[in-house]
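Student: This is the structure I want to talk about, given as structure tokens.
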Amino acid sequence: MSDQEAVRTNSKQTQTKVAITPTLVRGVDVYEFPWVKDPRGDLTVGEFESGFPFRPKRYFIISGVPSGEIRGEHAHKECHQFLVCAYGRCSVTVDDGKNQLEVQLNRPNLGIYVPPMIWGRQWQYSADAALLVYASELYDPADYIREYDAFVTAVRSE
């Protein structure tokens, strides 16, 4: 048996399915993806065809956020987003106009689904954080609600 085969034999998968935990914030779910621990390096995987809330059309990465800075602070009218802190850690606050929740993304297999019409902000970034965001739509500045009061008014009129 080669060394490579021996390493594969010793690899342990800690979970095989995507665990989805609903929250008290309307439509927001926390996802825990499979995480394979391996002496050669850990692996986490998600499949867009299954176990993912939408099919992404774009992604962006937020990194190098100075200490104390806040990102986000907006809602989308149509765009769905899925956030994973691929490296480091950050906190995500989601708000549906009635309920708020803070989630710390501190493992690369942990993500949060943020549907349209949810106010979101990302903050408390570690110096090495890299926040990967998948989006259901191409960038459209008209899709953003950037004022919290306007967001609350829009949500209450739904």
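Student: Among the residues of region 76-109, how many are in a strand (DSSP E or B) and either in contact with a strand residue (DSSP E or B) (Cβ under 6 Å, 6 or more places away or on another chain) or farther than 14 Å from T23 by Cβ (or both)?
Tutor: Of all residues in region 76-109, those in a strand (DSSP E or B) come to 76, 81-87, 90-95, 100-105.
Still in the list and also either in contact with a strand residue (DSSP E or B) (Cβ under 6 Å, 6 or more places away or on another chain) or farther than 14 Å from T23 by Cβ (or both): 76, 81-87, 90-95, 101-105.
Total satisfying the criteria: 19.
Student: Considering only residues of region 131-158 that are in a strand (DSSP E or B) and in contact with a Cys (Cβ under 7 Å, 6 or more places away or on another chain), which is surrounded by the fewest Cβ atoms within 10 Å (Cβ to Cβ)?
Tutor: In the first step, residues of region 131-158 are kept if they are in a strand (DSSP E or B); the result is 131-135, 144-145.
So of that shortlist, the ones also in contact with a Cys (Cβ under 7 Å, 6 or more places away or on another chain) come out as 131, 135.
On the way: L131: 23, A135: 19.
Restricting to residues being in a strand (DSSP E or B) and in contact with a Cys (Cβ under 7 Å, 6 or more places away or on another chain), the top hit is A135.
Student: Find the residue count for region 63-99, including only residues that are in contact with a Leu (Cβ under 7 Å, 6 or more places away or on another chain), crowded, with 17+ Cβ neighbours inside 10 Å and in contact (Cβ under 8 Å) with a residue 60 or more places away in the chain.
Tutor: 1
Student: A further question on this structure: Give V28, V18, V45 a once-over and let me know the one that is crowded, with 16+ Cβ neighbours inside 10 Å and at pLDDT below 95. Steps first, answer last, please.
Tutor: Details: V28 fails: at pLDDT below 95; V45 fails: crowded, with 16+ Cβ neighbours inside 10 Å.
After ruling out the rest, the residue left standing is V18.
Student: I've got another one for you. Filter region 26-59 down to residues that are aliphatic (A, V, I, L, M) and not in a loop (DSSP other than H, G, I, E, B) and give me whichever is farthest from the chain's Cα centre (by Cα). Spell out the reasoning first.
Tutor: Start the filter on region 26-59 by keeping residues that are aliphatic (A, V, I, L, M), which leaves 28, 30, 36, 43, 45.
Subsequent filtering for residues that are not in a loop (DSSP other than H, G, I, E, B) retains 30, 36, 43.
Details: V30: 8, V36: 19, L43: 17 Å.
Checked region 26-59; the qualifying residue farthest from the chain's Cα centre (by Cα) is V36.
Student: Against the conditions (1) closer than 17 Å to A130 by Cβ; (2) in contact with an Asp or Glu (Cβ under 9 Å, 6 or more places away or on another chain), where does Y113 fall short? Just the number, please.
Tutor: (1) is the only condition that Y113 fails.
Student: Out of curiosity, is E69 at pLDDT below 95 and acidic (D, E)? Spell out how you get there, then give the answer.
Tutor: Details: at pLDDT below 95: no; acidic (D, E): yes.
In short, no.
Student: I've got another one for you. For region 110-129, which positions are outside any strand (DSSP E or B) and on the phi < 0 side of the Ramachandran plot?
Tutor: As a first pass, look at region 110-129 and keep what is outside any strand (DSSP E or B): 115-118, 124-129.
Selection gives P115, P116, I118, Y125, S126, A127, D128, A129.
The values are calculated or read from the model by the stated rules, or taken from the named source; none is laboratory data. Quantities reported herein were computed from a predicted structural model and do not represent experimental measurements. When we count neighbours, we look across all protein chains shown, and the Cβ atoms used for this are built from the backbone with ideal geometry, even at glycine.
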